[in-house]
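Reading through the structure tokens given below for one structure.
Any read-out appearing in this document is the output of simple, stated calculations on the displayed coordinates, not a laboratory observation. It should be emphasised that the depicted structure is a prediction, and the values quoted were computed from it without experimental measurement. Please note: Cβ atoms are built from the backbone with ideal geometry, for glycine as well, and neighbour counts cover all protein chains shown.
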Amino acid sequence: MTTLEVRDLVKDYTLRSGLRRSTLRAADRVSFTLVPGRTVALVGESGSGKSTVARMIARLEKPSSGSITALGPDGRRVSGRAYRHHVQMVFQDPFASLNPFHTIEHHLIRPLRLHGRAAGRAQTRRLAGELLERVNLTPAADFARRRPHELSGGQRQRVAIARALAPGAQVVIADEPVSMLDVSIRLGVLNLLARLQREENLAVLYITHDLATARHFSDDILVMYRGRVVESGPADEVILSPRHPYTRLLASAAPDPEARGRSLEPMPAAAEPAGPLPPTGPGCRFRDRCPSAMPVCSRTPADHPVGPDHYAACWLHAESGRETSGAVAKAGPGGKAGAEDNSGAGRAG
Amino acid sequence: MTNPVPLSTPAEEPAAAPPEGSGTRARPHGAWRALLPSRSPKLITGLILVTAIGLLGLFGPMFAGDPDAISDASFQPPGEGALLGTTQTGQDVLAQLLHATRGSLQIGLLVGVMATVLSALFGILGGYFGGVVDESFSLLSNVMLVIPGLPLVIVIAGFVPAADRGWWTIAVVLAITGWAAASRVLRAQTLSLRSRDYVAAARVAGEKPWRIVSVEILPNLLPLLASQFVFAVIAAILAEAGLSFLGLGASNSETLGTMLYYAQNGFALQREAWWWFVPPGLVIALFGCGLALINFAIDEIINPKLRNTRAGLAEGGVAAGAAGAPGEPAPGEPAERPAVLTISGLNVVYRTARPVHAVKDVSLTLGRGEILGLAGESGCGKTTLAYAVSRLHTPPAEISSGSVTFHDRDGRDIDLLALEGEELRGFRWAKLSLVFQGAMNSLNPVISIREQLADVLTTHRPGMSAEQRRARCAEVLRLVGVDPVRLDSFPHELSGGMRQRVMIAMAMLLDPQVMVMDEPTTALDVVVQRGILREILRLRGELGFAVVFITHDLPLLLELSDRIAVMKDGEVVEYGPAERLYRAPEHPYTRMLLDSFPSLTGARGAFLRDGAAARHDGRTALPGQHTHLSEGAPR
């Protein structure tokens, strides 16, 4: 029953080339709230800063500014060492996230002990066994004795999920949990995560570059580009009627067997940035690739409402925001048609 | 000495062991076995040598007489009275040798332990904590590295008055001068381990730093520490022998070095008393040799390549044990296009301890200008097939039967499996070229794009002038959508997507008729991938080459390719036009693969993660099927 509030999270990295120094803003004023029982997907390409956000929430990196607050069931702030009781992380690469030297049981027993969930050898082992059973690794006693190299990728990721749950975590950060797995076992792992979420009423942050699973396995989606959240809203809304030009580009680039032969159609925006934008500085980060870039884009856009709980950080929606929100609700399932309408409206406005 | 591993970290070991508790006690052997070298002739020879000499040093002196006892029998050759003869002053060489071996081993082990502890302390802690700690530790070890070791040892040893120069003084001096190089290696390795996810996971779990270092990082450094310990022992014994031989060794101690020193002073060489100096020299040589052999064996566990072969073998069991309906080699509909590549009945076997049948009886036909998709999961044999077709497979992979025929533009049929040497090289890039997954990283970072492209032309088209080469390079770059201005760039100046385009340009340079692409876009972002796929499709239309496109991404293939072959466990389980495969998949595995990709825009139905699906999860519903699959896939 822990809520995690992320407010204006900023992470700057200093780049040194020779004597010159510059800062790279890996995350720029990222804000969202993780609520028990709901999944928020953080979507973006590699280098968009989504893993940086995850690592800051897991306290592997210190934010340059902004706050990450975990609120316990009593509404009080969780601080200090207790933070790790509440917030845990599942890593991307199950082949790297388990120590090859130790048994599976060791990976579960340590967090159980560290967080005082179990006392005594017998109870700890029993709890570890229960955790393994909950992630469908049965017989648990058999898996507990094994070492990581004796497990398949999917099985290892299940162990990693069990480890994240071992301290009794209520907030789980899943950083690309299935991207290293074979395609046929990905949905199994995602479904497992969804089931555990329902059982424990977990708040989940699902970080991925895959729009399709983001849509199916999350309630809300945040789209990140070069460190900024450019669009946020309910999962279906964001995917089916994307409002930010970048989200549209992402959605149109995903492979779609239904759209055979469309591959030769021109893309809605440049596939790659024309050149490096200054690492910091004002302005929309997407303007060098954006087909509808305008002079005003050199000022940083605010989050403009484009629908119920649906925001896009784009000047296209600066004034038409309130009018289009009604249209969006109607055009919701219409997918592409809705998007077209809106881009027209945007240009008009 | 027989097991160098526990000896290597005497200081840290007690700290690490007790909290392990029940966790590892259950099967204590597993972890250690993974760290122990596998039994090889090298290891066994090394162990025998080291053990024998160790036992000599340990127990020999108990049975030998007083090494200092002087007698009248000067320069007696080996024989009745003294097994190894006597010295100038009539001392027994055998007794001296046994005592000297013990002395040398003592110093060697002591220095080995001290140097390893020092290097571990500075290397591991510096590497883990980073920042100021790392900088100062690095500075210290760098300074120690620049100071020439032996002269320093000579100076220090010479500075300490001979009377105070016990063997431990020498040991300390040798340890202080000998730890730095090992510390650099440990630091580098720790830096790499520190960034591993399991260390991050331990931090997220709330482990304290000392525990992360001693329980998560240290065990994975043990093979390295063991090898460094062994090396330090060799180095110490040799250095001590050298010092003693120069007369700077420990006073009132007997080592192999002092023995040689006295032999030198007693004119053993001039008097041809070989029995005086050969035995100590031989012991040093054999002991060093034994330790070096052990070190080789330890290297084998550190070397990840050897680990990979073992993992590969394990995977083999899965592939070999597969059963299923044979594929349908005949295409779903008669191909309108003339064939450019025909693969029939191809079998590829990895001839390892347990042979792995990686490609089983695969028959495919690639039409001219066709895009053939090859879909399958990791380990299904799709990459092996690509390598075999382009004859890039290396032992232990072997084509056991079947044929690959290339139908040239001029109507000539080329039997690919019969090509050899120069013919094969000429064929490979000119008529059939390849783009691999990590290809963009295989560009040479210090050579410009222009030179790397031109290089292919110089090799394959020796007749071309420099001007023509330049024009052709610019032309292919333009074809793949990269500005020819970039010709003078170096690979690191280009983005990943651009580099992959350059690789595709390189593959198209000689106007091949077939391009084999193995996961060419997997490492790239979807938007970049889309851009590259568009180029491939457009160029296929313009230039008319055929493509074998290999990936695990079935939706991508369905959108892109004309026909698709689905591979599983080395077999083609389904082969047909993409449209048919999508609308009416026949093989259960194809259906399962299709179901693994939720549709981006379609209904949420089958993949609903809440409500109805909850009751089925893990048991009967579609997601359950995947659950079982994942449990049943040992890898």
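Could you list which residues have their amide H under 5 Å from that of A:A70, counting only those 5 or more apart in sequence or on another chain, with H placed in the peptide plane?
A:E5, A:V78
Test of understanding: ordering B:I124, B:I53 by Cβ neighbours within 10 Å, fewest first, what list do you get?
Working: B:I124 25, B:I53 21.
Arranged by neighbour count, lowest to highest, B:I124, B:I53 become B:I53, B:I124.
By average Cβ neighbour count within 10 Å, what is the ranking of B:66-79, B:544-557 from highest down?
Final packing ranking: B:544-557, B:66-79.
Mind checking the mean number of beta-carbon atoms from other chains within 10 Å of the Cβ atoms in B:203-215? Don't skip to the end; give the middle numbers.
Values: counts 5, 18, 15, 12, 4, 1, 0, 0, 2, 0, 0, 0, 5.
Shielding by partners across B:203-215 averages 5.
How would you rank B:M508, A:M180, going from fewest to most other Cβ atoms within 10 Å of each one's own Cβ?
Ordered by Cβ neighbours within 10 Å, fewest first: A:M180, B:M508.
When the Karplus curve 6.51 cos²θ - 1.76 cosθ + 1.60 is applied with θ = phi - 60°, which whole-Hz ³J(HN,Hα) does each residue of segment B:253-266 get, with x for Gly and Pro?
10, 10, 10, 4, x, 5, 4, 5, 4, 5, 4, 5, 5, x
Calculate the mean, over all residues of peptide A:54-61, of how many other protein chain Cβ atoms lie within 10 angstrom of the residue's Cβ. Write out the running numbers ahead of the final one.
Numbers: counts 0, 2, 0, 1, 4, 3, 5, 0.
So the per-residue partner count for this stretch is 2.
Return the sequence-ordered ³J(HN,Hα) values of segment A:251-260 in whole Hz as given by the Karplus equation 6.51 cos²θ - 1.76 cosθ + 1.60 applied to θ = phi - 60°, using x for Gly and Pro.
With coefficients 6.51, -1.76 and 1.60, one gets 5, 6, 7, 5, x, 9, x, 5, 9, 4 Hz.
Work out from phi, with θ = phi - 60° and the Karplus expression 6.51 cos²θ - 1.76 cosθ + 1.60, the ³J(HN,Hα) of each residue of segment B:425-430, listed in order in whole Hz, and give x for Gly and Pro.
Values per residue, Gly and Pro as x: 5, x, 5, 4, 8, 6 Hz.
Just flag the trypsin sites (Lys or Arg not before Pro) in segment A:1-84 sitting in loop per DSSP whose Cβ has no more than 11 other Cβ atoms within 10 Å.
For trypsin sites (Lys or Arg not before Pro) across segment A:1-84 that sit outside H, G, I, E and B with at most 11 neighbouring Cβ atoms in 10 Å, the list reads A:R76.
Taking 10 °C and 1.306 mPa s as the conditions, I'd like the Stokes-Einstein D for segment B:439-511 in µm²/s, using the Kirkwood hydrodynamic radius from alpha carbon pairs.
This corresponds to a translational diffusion coefficient of 133 µm²/s.
Within 10 Å of each Cβ in peptide A:110-119, how many partner chain Cβ atoms are there on average? Round it to a whole number, please.
Whole-number average of other-chain Cβ neighbours for A:110-119 is 3.
What's the ranking of B:498-507, B:409-418, A:191-200 by average number of surrounding C-beta atoms within 10 Å, highest first?
Working: B:498-507: 24.5, B:409-418: 11.6, A:191-200: 20.4.
My ranking of the peptides, most packed first, is B:498-507, A:191-200, B:409-418.
Roughly how far apart, in whole Å, are the Cα centres of segment B:171-248 and segment A:164-178?
Cα centroid to Cα centroid, the span is 34 Å.
Between B:T394 and B:S442, what length comes free when the chain is fully extended (0.36 nm per residue of separation minus the Cα-Cα distance, one decimal in nm)?
Numbers: separation 48, 0.36 × 48 = 17.28 nm, distance 1.86 nm.
That works out to 15.4 nm of additional length.
Would you calculate a helix-derived [θ] at 222 nm for chain A, using -39,500 (n - 2.57) for each DSSP H run of n ≥ 4 and dividing by the full residue count, to the nearest 500?
The per-residue figure over chain A is -10000 deg cm²/dmol.
Could you give the length gained on full extension between B:A69 and B:R409, defined as 0.36 nm per residue of separation minus the Cα-Cα distance, in nm?
Roughly 113.1 nm would be gained on extension.
How much length is gained on full extension from B:E579 to B:H492, taking 0.36 nm per residue of separation minus their Cα-Cα distance?
27.3 nm
Pairs B:K42/B:K382; B:K382/B:K431; A:K50/B:K382; A:K50/B:K568: which exceed 29 Å Cα-Cα? Intermediate results must be reported in sequence, preceding the final value.
Numbers: B:K42/B:K382 37 Å; B:K382/B:K431 21 Å; A:K50/B:K382 32 Å; A:K50/B:K568 34 Å.
Violating the 29 Å Cα-Cα cut-off are B:K42/B:K382; A:K50/B:K382; A:K50/B:K568.
In what sequence do B:Y128, A:Y246, A:Y13 fall when counting other Cβ within 10 Å, fewest first?
Result, fewest neighbours first: A:Y13, B:Y128, A:Y246.
Would you please give the residues with an amide H less than 5 Å from that of A:S31, counting only those at least 5 places away or on a separate chain, with H modeled from the backbone geometry?
A:D8, A:L9
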